Amino acid sequence: MTTVFAEVADPRSLPRPLSRSLGIPIFDTVAGYSAALDAVRRNGRTVGVVPTMGALHAGHASLIRQAADECDVVAVSIFVNPTQFGDPSDLANYPRTLESDLATVAAAGGQMVFAPSVGEMYPDLQGGAQATVSVPDLGARWEGASRPGHFDGVATVVVKLLEIAGPCRAYFGEKDFQQLAVVRRVVKDRSLPTDVVGCETVRDDTGLALSSRNVRLSSAERQAALVLSRALRTGAALMAQGENDPVAVERAMAELVASEPSVALDYAVVVHADDLEPATTCATERPLRLLTAATVGPVRLIDNLDPRPHRHVDAGRREMASAAGTMS
Ligand code: AMP
């Protein structure tokens, strides 16, 4: 019996996991996982979920750690969702590393794993679902324009995973900024009992955003890929110097990426952080985000940056101070 269920009154009523590894129960059925989380909640404990596609790295681990700080029991799902891949070779080449993933989950404070098969998640069709979820506007631009159907696949599997999990806090990375926006939107529109928590992007020492796909980059490609985070920082620096024209910021980012011939830029844009619509001016109180995507060797990489992080902190402080009556 692990600590997850230690205080459940009648242990015979507990769902049985497929197996255990490092003391972590691994569920591969919807019914077992869902019953296990129900048992946790019946026991008066809160649930945090971290949906992933596996090949876990320090970025995923930071989500799991934050969930463990804020919730009593953390469940990590590991499912390479076929319906969000347009390119069959990308799906076939997606890294699968379950054994080391379990060690990462355990080290970061996760207590349960849900690793279903494709047939378990999509029982009636091979790798598909008939009742799908779609977020047409938010899901059609940027990544959606280059990867048609991608966000329908994401929205569909996230709604399934969150409905299976039941009331919980769900942790998603800002690394996939558009995905986070899509998730917030579907949770709101579908009235799911989920608190969505966005977590900061984890980067390596060179500034490259961690991604499961980075393992497919050669060392030269990895070096070239740094131009993306540099372009984002350049865009943010221009805005800090008073550049209010998004077109000028976008041009500067694109020119920098163009200086790296092995990187094929898809987009480098200034958008509103909530609906991801292109910004028409940077002189706005609305939060903005810089988004970029490019192909480097065999891999499509995405990255993003809050160009004015202090401004939002300052605005938050101003709001709190004025609510407390300490500011005029
Ligand atoms: P994935 O396994 O790539 O589907 O990612 C699972 C979750 O981890 C998503 O919410 C991602 O946004 C998040 N994630 C991936 N990479 C990072 C990173 N470098 N920093 C923070 N979160 C990340």
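The values are calculated or read from the model by the stated rules, or taken from the named source; none is laboratory data. What you are looking at is a predicted structure, and each value in this text was computed from that prediction instead of being measured. Positions of Cβ are backbone-derived with ideal geometry, glycine not excepted, and every protein chain shown enters the neighbour counts.
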Residue check for Ala254: surrounded by 13 or more Cβ atoms within 10 Å (Cβ to Cβ) and under 26 Å from the mean Cα position of the chain (by Cα): yes
Exactly one of Ala58, Ala106, Ala39 is closer than 24 Å to Val196 by Cα, under 19 Å from the mean Cα position of the chain (by Cα) and modelled with pLDDT of 95 or more, and that one is Ala58
Selection status of Phe172, buried (at least 18 other Cβ atoms within 10 Å of the Cβ), assigned to a strand (DSSP E or B), at pLDDT 95 or above and not acidic (Asp, Glu): yes
Does at least one position in region 147-155 carry a residue that is within 14 Å of the ligand (Cβ to nearest atom), at pLDDT 95 or above, touching a strand residue (DSSP E or B) at 6+ places or on another chain (Cβ under 7 Å) and not aromatic (Phe, Trp, Tyr)? no
If I go through region 211-261 residue by residue, how many of them are in contact with a strand residue (DSSP E or B) (Cβ under 7 Å, 6 or more places away or on another chain), part of a helix (DSSP H, G or I) and hydroxyl-bearing (Ser, Thr, Tyr)? 1
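Residues checked against (1) in a helix (DSSP H, G or I); (2) within 30 Å of Ala264 (Cβ to Cβ); (3) not hydroxyl-bearing (Ser, Thr, Tyr):
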{"site": "Ala92", "(1), (2), (3)": "yes, yes, yes"}
{"site": "Arg96", "(1), (2), (3)": "no, yes, yes"}
{"site": "Asp101", "(1), (2), (3)": "yes, no, yes"}
{"site": "Gly119", "(1), (2), (3)": "yes, no, yes"}
{"site": "Asp124", "(1), (2), (3)": "no, no, yes"}
Pairs where the first residue, in region 198-220, is outside the structural domain of Gly173 (by TED's automatic domain parsing) and of a type in the set (A, V, I, L, M) and the second is part of a strand (DSSP E or B) and at pLDDT below 95, C-beta under 7 Å, 6+ apart: Leu217/Val299
With the first residue restricted to region 180-194 and required to be part of a loop (DSSP other than H, G, I, E, B), and the second required to be surrounded by fewer than 19 Cβ atoms within 10 Å (Cβ to Cβ), Cβ contacts under 8 Å at 6 or more apart or on different chains are Leu192/Glu163; Pro193/Gly166; Pro193/Pro167
Please state which one of Gly48, Gly86 is within 18 Å of Val157 (Cα to Cα), touching a Gly at 6+ places or on another chain (Cβ under 7 Å) and either assigned by TED's automatic domain parsing to the domain that holds Arg190 or away from the ligand (no atom under 15 Å from the Cβ) (or both). Gly86
Taking region 182-199 and keeping only residues that are under 21 Å from Leu291 (Cβ atoms) and surrounded by 22 or more Cβ atoms within 10 Å (Cβ to Cβ), one is left with Val182, Val183, Val186
From the set of residues in region 9-28 that are assigned to a loop (DSSP other than H, G, I, E, B) and surrounded by fewer than 17 Cβ atoms within 10 Å (Cβ to Cβ), which is modelled with the highest pLDDT? Asp28
Scan Gly54, Gly48 and give me the residue that is surrounded by 19 or more Cβ atoms within 10 Å (Cβ to Cβ) and assigned to a strand (DSSP E or B). Gly48
What is the number of the single condition among (1) of a type in the set (Ser, Thr, Tyr); (2) over 26 Å from Ser146 (Cα atoms); (3) within 15 Å of the ligand (Cβ to nearest atom) that Tyr94 does not meet? (2)
In region 135-169, the residues that are of a type in the set (S, T, N, Q) and surrounded by fewer than 21 Cβ atoms within 10 Å (Cβ to Cβ): Ser146
Looking at Val105, Val118 in this structure, which one is of a type in the set (Val, Ile, Thr), in the same structural domain as His60 (by TED's automatic domain parsing) and touching a strand residue (DSSP E or B) at 6+ places or on another chain (Cβ under 8 Å)? Val105
